[in-house]
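See structure below.
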Protein chains: 2
Amino acid sequence: MRRVLYLDDLAVGRKFATGSVTVTLAACKAFAAEFDPQPFHLDEAAARESIFGRIAASGWYTASLSMRLLVDGELTIAGGLIGLGGDMTWPRPTYPGDTLRVETEVLAIRVSESKPDRGIVTVRNQTLNQRGEPVQIAVVKMLVPRRPPA
Amino acid sequence: MRRVLYLDDLAVGRKFATGSVTVTLAACKAFAAEFDPQPFHLDEAAARESIFGRIAASGWYTASLSMRLLVDGELTIAGGLIGLGGDMTWPRPTYPGDTLRVETEVLAIRVSESKPDRGIVTVRNQTLNQRGEPVQIAVVKMLVPRRPPA
């Protein structure tokens, strides 16, 4: 079992890595067919005429894959990764064949005033492709418990 | 074929609706197993001990379902719905059995200075459950083409 992290174990500037995943055309299309059935995610000819130039992954597929990488990665928060919301950008598309990983950096830590057994930790999750270019930058607020008294 | 909307057809304050979808336990678990395999999304006993109280949908499942509702909804932007990023919050969880729909309101419209054939439209997409409570609020910037000269 992996060691769990409490708010008390985190520090601003600390970084966490994940493994990586290679995006396949079939999986891109399957996700798009279910959740984002737009021609540039499904059809090569339509994608060529779009701003993407070729079939691109739905941004929500990039987001969902990033979540999976995080769940399996080093940021093993006690009680799980519970996001309250955040700020997301997709600076460039994810394309089939890309290999993605996520780099997390802790930006801020705040203990709750009303519930002192927990706090809000703000992190920047950058999803990077195989060239180290960000395909998603998400600044996210997470609910993180404090270490219980021994 | 549905009428497509250009930037010139939009106005601040204009609203757009979608159809609705009822979330099933099986689909929640299937999404979580692939993209967000945390116990409170997969296991009833674990969920009962979590802040969710029972199995809750992954926030990314709520986001993905919201995208599908938007693609099938009234906001039929020419060239498709192309999001550049945005600000998301999940004020409360989505639970199996919930019926979701999305309400969009146009917040801002800006023509690009460097590329006058397009612009950025900011919308608020609120995903509401069957009680009209928001489960996701996303303020999103979208790339929207201007109407081509006749």
Matching residues in region A:99-118 - criterion: being surrounded by fewer than 21 Cβ atoms within 10 Å (Cβ to Cβ), touching a residue at least 60 places away in the same chain (Cβ under 8 Å) and of a type outside the set (S, T, N, Q): A:ARG101, A:GLU103, A:GLU105, A:VAL106, A:LEU107, A:ALA108, A:ILE109, A:VAL111, A:ARG118
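Looking at region B:77-84, can you tell me whether even one residue there is away from chain A (no Cβ under 11 Å) and more than 19 Å from A:ALA138 (Cβ to Cβ)? Spell out how you get there, then give the answer.
To start, the set of residues in region B:77-84 that are away from chain A (no Cβ under 11 Å) comprises B:78.
Pick out the ones that are also more than 19 Å from A:ALA138 (Cβ to Cβ) and you get B:78.
Yes, region B:77-84 contains at least one residue that is away from chain A (no Cβ under 11 Å) and more than 19 Å from A:ALA138 (Cβ to Cβ).
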Of (1) in contact with a Pro (Cβ under 8 Å, 6 or more places away or on another chain); (2) in contact (Cβ under 8 Å) with a residue 40 or more places away in the chain, A:THR76 satisfies every one except (1)
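Among A:VAL12, A:VAL121, which is the only one that is at pLDDT 95 or above and surrounded by 15 or more Cβ atoms within 10 Å (Cβ to Cβ)? Break it down into steps so the answer makes sense when it comes.
Details: A:VAL12 fails: surrounded by 15 or more Cβ atoms within 10 Å (Cβ to Cβ).
When all the criteria are applied, what remains is A:VAL121.
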Just wondering, is there one or more residues in region A:33-53 that are among the hydroxyl-bearing types (Ser, Thr, Tyr), within 11 Å of chain B (Cβ to nearest Cβ) and either more than 27 Å from B:ILE137 (Cβ to Cβ) or surrounded by fewer than 21 Cβ atoms within 10 Å (Cβ to Cβ) (or both)? yes
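The values are calculated or read from the model by the stated rules, or taken from the named source; none is laboratory data. Note that this is a predicted model, so its numbers are computed, not measured. Reconstructed Cβ throughout: ideal geometry from the backbone, glycine too, with neighbour counts over all protein chains shown.
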